[in-house]
Amino acid sequence: ALDVIDRQQGGGGTELLPALKRALAIPRIDGFSRTVVIATDGYVDVEGETFDLIRKNLGEANMFAFGIGTSVNRHLMEGIARAGMGEPFVITRPEEAEAAAEKFRTYIQSPVLSHVRVNFDGFDAYDIEPRSVPDVLAERPVVVFGKWLGPLRGTITVRGISGDGKYEKTMKVGDVKPLDGTSALRYLWARHRIAVLGDYENLRHNDERVKEITSLGISYNLLTPYTSFVAIDSEARARGDATTVQQPLPLPEGVSDLAVGAGNYAVPACAPVAMREVADMSYYGGYVEKPMRAKKEAKMKAGPHGGSGGTPSQDDGPRVECLGNEPIRPAFLEQIRTCYAGYLAKHPGVAGTISLRLVIGPDGFVKKVSVISSGLKQPALEADITALVKKWKFPAGPGRSDRKMVLPLVLTF
């Protein structure tokens, strides 16, 4: 397995959701505890969808996230841990890997109960967290939070599969007498609920979610992003005019300047730019996607007008160069270069320029592509290039309207 993995080459975008769905689609073997390990730097914009997928499938697999890299998206790692009822593992330096791996192995090595189901019969329980229950591990008990209405009657049944076979435990609610020291449970439930809501609110604002967080903070006297504890000082303070100061923040370690501005990165016109040697440093969604392996010979170069949309240099074979100021992913230009190379094999000597007009939707997907001008004089090649560009996806726009972009390309060999 290690030999197979070592031969793999990584690059391009982090397709987190398709990978998770593919892993969960693998048929589960009865009697075995299944664990899915997510190893990523977290440079994605699907955190909310990932949290939803994990929360809905906890009964199908245990989910653990390893954040690897100098600048890990800790919000994603901690959110996955919260959704998966586990804990996050973050490795920022190679020397940390062995200890983290050993800790993880110890954590999951003793599954006690799998295929866990909790049922309420005759007991009006609601707002249950988590929605589904992961496996019980010797190092991780599962805590189910919830609220209830009505009289203390009915049953709570826990079912699953243990090493001895099927397991079932039924508790009669009426036989349980609350302990005097359990008053903190209501606050633990509220804190957990606020944390889950906060994971989503930090990604996308929602007025109803803010109201629920605020209501929980007020009802349970808890500190939230929208509620606070107020101290009143009897001493009056003089008020002056406020001054706004723009405070620059450093980029995370190991992240290129291409991450600045979510699509607005630019350099002075006609200024030569020497990019650091990387293998397909791809710009996407405001983040720089880093490949698993760097090819030393791969280089980036800026376009002649200072744009950041160069393409990996080719010592031989056809070339595709972008003359625009927009940051175009090198992987996109490589697609066109491959298409152009295939066309040259049948039609030697074709070269020239082509300018395209792109209409990009608010979601970043290309809605329309048209040819403004072309010196190629090859309708079939122009159609192939246009079809490729229609499949591209750019960072989502800040507003709700379409964006237009002109893409001038030079094809040479």
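Select, from GLY59, GLY31, GLY84, the only residue that is more than 11 Å from the chain's Cα centre (by Cα) and buried (at least 21 other Cβ atoms within 10 Å of the Cβ).
GLY84
For region 108-124, state whether one or more residues are small (Gly, Ala, Ser), open to solvent by 30 Å² or more (accessible area, probe 1.4 Å) and at positive phi.
Taking every residue of region 108-124 in turn, at least one turns out to be small (Gly, Ala, Ser), open to solvent by 30 Å² or more (accessible area, probe 1.4 Å) and at positive phi.
Being aliphatic (A, V, I, L, M), assigned to a helix (DSSP H, G or I) and without any contact (Cβ under 8 Å) to a residue 60 or more places away in the chain is the requirement here; does ALA101 meet it?
yes
Every residue, every condition in (1) touching a Cys at 6+ places or on another chain (Cβ under 8 Å); (2) among the hydrophobic types (A, V, I, L, M, F, W, C); (3) under 22 Å from GLY13 (Cα atoms), yes or no:
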position: ARG329; (1), (2), (3): no, no, yes
position: GLU334; (1), (2), (3): no, no, yes
position: TYR343; (1), (2), (3): no, no, no
position: ILE354; (1), (2), (3): no, yes, no
position: GLN378; (1), (2), (3): no, no, no
position: LEU381; (1), (2), (3): yes, yes, no
position: ALA387; (1), (2), (3): no, yes, yes
position: GLY399; (1), (2), (3): no, no, no
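Looking at VAL133, VAL173, VAL196, can you tell me which residue is open to solvent by less than 50 Å² (accessible area, probe 1.4 Å), among the hydrophobic types (A, V, I, L, M, F, W, C) and either without any contact (Cβ under 8 Å) to a residue 12 or more places away in the chain or closer than 30 Å to GLY399 by Cα (or both)?
VAL196
Within region 43-52, is there a residue that is farther than 20 Å from PRO395 by Cα and surrounded by 17 or more Cβ atoms within 10 Å (Cβ to Cβ)?
Checked against the condition, which is being farther than 20 Å from PRO395 by Cα and surrounded by 17 or more Cβ atoms within 10 Å (Cβ to Cβ), region 43-52 yields at least one hit.
For LYS346, which of the numbered conditions (1) more than 30 Å from the chain's Cα centre (by Cα); (2) touching a residue at least 40 places away in the same chain (Cβ under 8 Å) fails to hold?
Failed condition: (2).
Taking region 316-370, which residues are open to solvent by less than 40 Å² (accessible area, probe 1.4 Å), touching a Pro at 6+ places or on another chain (Cβ under 7 Å) and among the hydroxyl-bearing types (Ser, Thr, Tyr)?
TYR340, SER355
Out of all the residues in region 374-395, is one or more touching an Asp or Glu at 6+ places or on another chain (Cβ under 7 Å), over 21 Å from ASP45 (Cα atoms), modelled with pLDDT of 85 or more and surrounded by 14 or more Cβ atoms within 10 Å (Cβ to Cβ)?
Within region 374-395, one or more residues are touching an Asp or Glu at 6+ places or on another chain (Cβ under 7 Å), over 21 Å from ASP45 (Cα atoms), modelled with pLDDT of 85 or more and surrounded by 14 or more Cβ atoms within 10 Å (Cβ to Cβ).
Given the conditions (1) of a type outside the set (Val, Ile, Thr); (2) over 26 Å from GLY254 (Cβ atoms); (3) touching a residue at least 40 places away in the same chain (Cβ under 8 Å), report the number of the one that LEU53 does not fulfil.
It is condition (3) that LEU53 fails.
The values are calculated or read from the model by the stated rules, or taken from the named source; none is laboratory data. Note that this is a predicted model, so its numbers are computed, not measured. We place every Cβ from the backbone using ideal geometry, glycine too, and count neighbours over all the protein chains shown. Each accessible area value is taken on the protein alone, full model and side chains, heavy atoms only, with ligands, DNA and RNA left out. Shrake-Rupley method; radii C 1.70, N 1.55, O 1.52, S 1.80 Å.
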